[in-house]
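Novice: Submitted below is the structure of interest, expressed as structure tokens.
The values are calculated or read from the model by the stated rules, or taken from the named source; none is laboratory data. Small disclaimer: the values here were computed from a predicted structure and weren't measured. FYI the Cβ positions are ideal-geometry reconstructions off the backbone, even for glycines, and counts take in every protein chain you see.
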Amino acid sequence: MLRANESMTSRLLPNAAATYFLLTILCVGTVSPHAAQLTRESVLAETLKPYAGASVRGVDTSTLSNKVMCGYQGWFNAEGDGAERGWVHWTKRRDPLGPGNAKIDLWPDVSELGAEERFATGFTNAAGRTLEVFSSFKQATVLRHFQWMRDYGIDGAFVQRFITDLRDPRALRHNNTVLAHGREGANRFGRAYAVMYDLSGLGPNRIQEVMDDWGALRTQMRVTDDPAYLRHRGRPLVAVWGVGFNDGRRYTLEECKRLVEFLKQDGCSVMLGVPSWFRELTRDSVSNSALHEVIALADVVSPWTVGRYRGTAEAKRHGERTWQPDIAWSAERKIDFLPVVFPGFSWFNMQGRQFDHMPRMKGEFLWSQFVAAKRAGATMIYVAMFDEVDEGTAIFKCTDDTPVSDTNRFLTYEGLPSDFYLRLTGNGAKLLRGELPVTEALPVATARAFPTYKRPVMTWVPPYAVGRSKARLEESFGGAGMKDALTHLGLQFWQPTKDGGLVRVGRTNEVNDAVITGLRNWGHTNSVRVLLCVYNAVGGKWDWPLARAGFAENQDKFIDALMAEVDRLQLDGVDVDLEGNGSFDGDKEVFVAFVRKLSERLHAQGKHLTVDTFSYKWNAPNQTWWKELLPHVDALTTMGYEEIGANAPEWRSYAFQKTAAGEHASKLMIGLPSGRNEWRGNSAMEHVQWLKADDEVGVSFWDAQVRANAWQKPEVWRTLVEIRTGRAE
């Protein structure tokens, strides 16, 4: 958002809102004849529809308390993205993004995006490779962003809605589309979302447009009916940003008051984005006490701090001298306080000055603000912003592989992993909830990176073959191996107890904390999630009553035991391998409830859950349970192994298995036997090739020993790497 620091706003940009509006107009591309025929009415009919997709319970969406939320701009367009707006927010002029025409100071990492999500620019890197960016209009991209929020333990996002855009049909379509993508992402990945109206650039006597728009979102799009829509104090939360700033805004405090009263009468809780010095009515704030009257009507007040301080010492001082008395002032009026933190600030390519004006200090600056907010007594935090590369405040994945240019300059993440600030923000959420100590030192786990994969690839270390499996994990087959191909590694070392506890199995010299820590470290070094695998085989037989003792009879205790062990050993999630030979469909409901509860606990910490199931209707859990299980898991194995195949008949075929997974086919992992050279009439390589060609389902193989010769061929591992990454190696 164009929300500069106080001195910039008052001296360099006497009318920041007008500047924002002008830049937005300049960046809208050439309008096609088809786009010119659009009307607001046709756009509203096309885009304002209730959500009909799946919804996964993750974070508690009933309250803003104990949450770290991000601002999500979603304002980027690229020529050819289908929005028919040309280049928006990437560039200063209508021309293509290239040298001399960039408005961003950070470069997004698009390495995990599909080909249809990436758009070529006129920039190249030092090696001469053409650099690419993304478009917020693309569904897959926005969904991936919300998946990142889940993966890194970020609670959700305020999806920005720019009221000045909504008169233009193309801009309206873009705003509505991004909101629809955001709501789908929040529902699918168990995050919270809420609408935030940005009033920047709004002219006088136009507040009614905000009211009308909210009415349409609520009655036609039915956003507040979503399980993922954020509520606070028992009502849907709506945010309004831009109240009380002294930068020459043309709408009045009286109009803002009318808007807040309207939203309250509509049964909503209201959050107001206000100046940093709202309490004192000085500096970036209007000096009109009517601002306090407007704030008194709200439920949450959130003072904007981007650009108000730099460095860790100033952040600490702001927390002590400003946030702490702000919180006391708000508490006296029964208003919740939402402080804003930001990772750094730079707008050289936008304004031609102040490159790296507020340095990130390799995360120390952002972390110091989390600590200052916690010490000041904050119970909720807003991070500005998730995706704003314009002013260098983004926390999502950005790259150090920036353009080579004589006219433009770009920030880097200073050699840190591209997901560093996502992970740091997730740790900020843990700090807020009291799960991490309040200390100025950066949390150690911040530097660990888990790239988003195209499709999951998983195997297991069995308790009886730890040594052989460890050797295979380190092995390379012609330049590729498990360190390159895997996304998940299950450690099959735990079993439930009859009273709902958890016990470790295997020889103590092979399965102990040191061995587990070594395997975990191997995974983290190679960007592989290492999971606690709990199974119920006793004496060579699957003991379903033992499994029930955990997931059914002592469900909450069992989940607590799993979570405690995951936390103690710093593992990345749980693989549930509880099997029963026979008909146990009567246990389906309670098993699904167990998976759902465990999923909520794990996903709240950014960890993964996988489940192993049978390939058809026999035994438990089986294919007929998939519809209820798949929405809650990150991946699910169909344990057909040598009983199913690429060209097998009927239910035994991979195609049948994929069809049975329905809309969640991308979560399905086809189980393959790594101890067999061929099965069901095809070689191991032919089965793997079929899965590569499918381009949707993933792979799991039992087990990490990979004993068959066919599994030790370079082409098998190169293909598995392609399945994981979506790219030829």
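Novice: So which helices (runs of 4 or more DSSP H) stay within segment 543-643 end to end and still have 2 or more residues that are within 24 Å of Val503 (Cα to Cα) and in contact (Cβ under 8 Å) with a residue 24 or more places away in the chain?
Specialist: Where helices (runs of 4 or more DSSP H) fall fully within segment 543-643 and carry at least 2 residues being within 24 Å of Val503 (Cα to Cα) and in contact (Cβ under 8 Å) with a residue 24 or more places away in the chain, they are 544-548, 555-569, 588-603.
Novice: Can you find a residue in segment 243-263 that is touching a residue at least 12 places away in the same chain (Cβ under 8 Å), under 22 Å from Thr379 (Cα atoms) and either touching an Asp or Glu at 6+ places or on another chain (Cβ under 8 Å) or acidic (Asp, Glu) (or both)?
Specialist: Looking for residues that are touching a residue at least 12 places away in the same chain (Cβ under 8 Å), under 22 Å from Thr379 (Cα atoms) and either touching an Asp or Glu at 6+ places or on another chain (Cβ under 8 Å) or acidic (Asp, Glu) (or both), one finds none in segment 243-263, hence no.
Novice: Next up: Quick one: Arg170 ticks every box in (1) assigned to a loop (DSSP other than H, G, I, E, B); (2) of a type in the set (Lys, Arg); (3) touching an Asp or Glu at 6+ places or on another chain (Cβ under 8 Å) bar one, so which box is it?
Specialist: Tallying (1) assigned to a loop (DSSP other than H, G, I, E, B); (2) of a type in the set (Lys, Arg); (3) touching an Asp or Glu at 6+ places or on another chain (Cβ under 8 Å), Arg170 fails exactly one: (1).
Novice: Which one of the conditions (1) surrounded by 15 or more Cβ atoms within 10 Å (Cβ to Cβ); (2) assigned to a helix (DSSP H, G or I) does Leu436 fail to meet, given that it meets all the rest?
Specialist: The single condition Leu436 does not satisfy is (2).
Novice: How about segment 682-712: which of its residues are assigned to a loop (DSSP other than H, G, I, E, B) and modelled with pLDDT of 95 or more?
Specialist: Val697, Asp703, Ala704, Gln705, Val706, Arg707, Ala708
Novice: Also: Scan segment 101-114 and tell me whether some residue there is among the β-branched types (Val, Ile, Thr), at pLDDT 95 or above and in a loop (DSSP other than H, G, I, E, B).
Specialist: The answer is yes, given that some residue of segment 101-114 is among the β-branched types (Val, Ile, Thr), at pLDDT 95 or above and in a loop (DSSP other than H, G, I, E, B).
Novice: Tell me yes or no: at least one residue of segment 652-663 is hydroxyl-bearing (Ser, Thr, Tyr), under 15 Å from Pro456 (Cα atoms) and assigned to a helix (DSSP H, G or I).
Specialist: Checked segment 652-663: no residue is hydroxyl-bearing (Ser, Thr, Tyr), under 15 Å from Pro456 (Cα atoms) and assigned to a helix (DSSP H, G or I).
Novice: What's the number of the only condition in (1) outside any helix (DSSP H, G or I); (2) buried (at least 20 other Cβ atoms within 10 Å of the Cβ) that Pro204 fails to meet?
Specialist: Unmet condition: (2).
Novice: Gln147 passes all but one of (1) in a helix (DSSP H, G or I); (2) at pLDDT 95 or above; which number fails?
Specialist: The failed condition is (2).
Novice: Restricting segment 400-428 to residues that are aromatic (Phe, Trp, Tyr) and assigned to a loop (DSSP other than H, G, I, E, B), which is farthest from Leu106 (Cα to Cα)?
Specialist: Out of the qualifying residues, it is Tyr413.
Novice: Something else about it: Of the numbered conditions (1) within 27 Å of Gly122 (Cα to Cα); (2) at pLDDT below 95, Met385 fails exactly one; give the number of that condition.
Specialist: For Met385, the exception is condition (2).
Novice: Taking segment 498-512 on its own, how many of its residues are free of Cβ contacts under 8 Å to residues at least 60 places away in the same chain and not in a loop (DSSP other than H, G, I, E, B)?
Specialist: 2
Novice: If you take the residues of segment 177-228 that are under 19 Å from Ser136 (Cα atoms) and among the acidic types (Asp, Glu), which of them is nearest to the chain's Cα centre (by Cα)?
Specialist: Glu184
Novice: Could I ask something else about it? Look at Gln139 and say whether it is surrounded by fewer than 23 Cβ atoms within 10 Å (Cβ to Cβ) and either of a type outside the set (D, E, K, R) or not assigned by TED's automatic domain parsing to the domain that holds Val88 (or both).
Specialist: yes
Novice: For segment 175-201, enumerate the residues that are among the hydrophobic types (A, V, I, L, M, F, W, C) and not in a helix (DSSP H, G or I).
Specialist: Phe189, Ala192, Ala194, Val195, Met196, Leu199
Novice: Give segment 533-545 a look and list any residue that's out of contact with any helix residue (DSSP H, G or I) (no Cβ under 6 Å at 6 or more places or on another chain) and closer than 22 Å to Gly573 by Cβ, or say none.
Specialist: Within segment 533-545, Cys533, Val534, Tyr535, Ala537 meet the criteria.
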